[in-house]
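Chemist: Please read through the structure below; I'll follow up with questions.
The values are calculated or read from the model by the stated rules, or taken from the named source; none is laboratory data. Computed from a predicted structure; not experimentally measured. For neighbour counting, all protein chains shown are included, and Cβ atoms are generated from backbone atoms with ideal geometry for every residue, glycine included.
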Amino acid sequence: MTKVLILKSAEKDLRQLPFYILEKLYSWIEQVEIYGIHEIRKIPGYHDEPLKGDRKGQRSVRLNKSYRLIYKEKDSEVRIEILIYEVNKHDY
């Protein structure tokens, strides 16, 4: 079983997001909770990838060309928790 938790630090980010990005975010959350993070990582459109440097241990998911979701996977005996740290506009 997989449970997605949005950390307080990310809640502020969510209030500033366009509606269509929120829809994509909640769609991703729903899919992760139904199918599990390991299955959702296989979907090429999300470009789920590990981060490096200061963010080592965290992963990034593309919600669209500009917006990224930053999360960390936490295993426990009962379930996998996905902790959403931030949703931000990625600079190019």
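Chemist: In region 67-84, which residue that is at pLDDT 90 or above and hydroxyl-bearing (Ser, Thr, Tyr) is surrounded by the most Cβ atoms within 10 Å (Cβ to Cβ)?
Modeler: Across region 67-84, the extreme among qualifying residues is TYR71.
Chemist: In region 36-58, which residues are surrounded by fewer than 16 Cβ atoms within 10 Å (Cβ to Cβ) and either in contact with a Gly (Cβ under 6 Å, 6 or more places away or on another chain) or within 14 Å of VAL4 (Cα to Cα) (or both)?
Modeler: GLY36, HIS38
Chemist: Here are some residues: VAL87, VAL4, VAL61, VAL32. Which one is surrounded by 16 or more Cβ atoms within 10 Å (Cβ to Cβ) and in a helix (DSSP H, G or I)? Explain how you work it out, then say what you get.
Modeler: Values: VAL87 fails: in a helix (DSSP H, G or I); VAL4 fails: in a helix (DSSP H, G or I); VAL61 fails: in a helix (DSSP H, G or I).
Just a single option satisfies the conditions, and that option is VAL32.
Chemist: Please enumerate the residues belonging to region 74-84 that are in a strand (DSSP E or B) and either under 15 Å from ARG15 (Cα atoms) or in contact with a strand residue (DSSP E or B) (Cβ under 6 Å, 6 or more places away or on another chain) (or both).
Modeler: So in region 74-84, the residues in a strand (DSSP E or B) come out as 74-75, 80-84.
The answer is LYS74, ILE80, GLU81, ILE82, LEU83, ILE84.
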